[in-house]
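Here, each number is a calculation from the coordinates, and none is a lab measurement. If you're wondering where the values come from, they're calculated on a predicted model, not measured in any experiment. Every residue, glycine among them, receives a Cβ derived from its backbone with ideal geometry; neighbour counts consider all protein chains shown.
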Amino acid sequence: MKFLAEINVMPLKEILDPQGKAVTGSMKNLGFIEISNVRIGKHITLEIDADNEDIARQKVDDACKKLLANLIMENYEFEIRAV
């Protein structure tokens, strides 16, 4: 079966996010004073061939831990669906 994974990788809340801070400042400069605490992360999609959803989920989790997320500075979450 083929599955689609949608992965969100975000910096840990304890880690300074310079991109998010810059965007927050720009929002205020553009008049969006009600917007604050912007955090910038990554959205990754990938397709995976696996016999079932549990195997696909494990493969995606391994890929996140080994390559897609830096676990010292980032956390991740993902959703999987059959396509």
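Compute the long axis of helix 53-63 from its Cα atoms, compare it with the longest principal axis of the Cα atoms of the chain, and write down the angle in degrees, 0 to 90, nearest 10.
So the helix axis and the longest Cα principal axis differ by about 50 degrees.
Specify which labelled value, from (1) 1.13; (2) 1.22; (3) 1.07, agrees with Rg/Rh (Cα atoms, Kirkwood Rh) derived from the coordinates of the model shown.
Of the labelled values, this structure produces (1).
Quick one: putting +1 on the C-beta of Lys and Arg, -1 on the C-beta of Asp and Glu, what dipole do you get for the chain around its Cα centre, in Debye to the nearest 20? Don't skip to the answer; put the middle values down first.
Working: 11 positive and 14 negative charges, 84 e Å.
With Lys and Arg at +1 and Asp and Glu at -1, about 400 debye.
At a Förster distance of 25 Å, what's the computed FRET efficiency of His43 paired with Ala22, Cβ-Cβ distance as r, to 0.05? Write down the numbers at each step before the final one.
Details: r = 19 Å, r/R0 = 0.76.
Calculated value: 0.85.
If you rank Ser26, Ser36 by fewest surrounding Cβ atoms within 10 Å, what's the result?
Numbers: Ser26 12, Ser36 9.
The fewest-first ordering by Cβ neighbours comes to Ser36, Ser26.
Once you keep just the Cα pairs under 8 angstrom separated by 6 or more residues, what percentage relative contact order results for the chain? Write out the running numbers ahead of the final one.
Working: 120 pairs, mean separation 43.9, N = 83.
After rounding, I find 53 percent.
Using just the helices of the chain, give the 222 nm mean residue ellipticity in deg cm²/dmol: DSSP H runs with n ≥ 4 each add -39,500 (n - 2.57), and the total is spread over all residues, rounded to 500.
Numbers: 2 runs with 23 residues, N = 83.
Value at 222 nm, helices only: -8500 deg cm²/dmol.
What's the center-to-center distance, using Cα atoms, between segment 13-32 and segment 48-83 in Å?
Centre-to-centre distance over Cα atoms comes out at 29 Å.
Subtracting the Cα-Cα distance from 0.36 nm times the residue separation, let me have the gained length for Glu34 to Glu79 in nm, one decimal. Before the final figure, lay out each step's value.
Working: separation 45, 0.36 × 45 = 16.20 nm, distance 3.03 nm.
Going from the current span to full extension adds 13.2 nm.
What is the helix-to-structure angle for 18-29, meaning the angle in degrees between its Cα long axis and the longest Cα principal axis of the chain, kept from 0 to 90 and rounded to the nearest 10?
Approximately 50 degrees, to the nearest 10.
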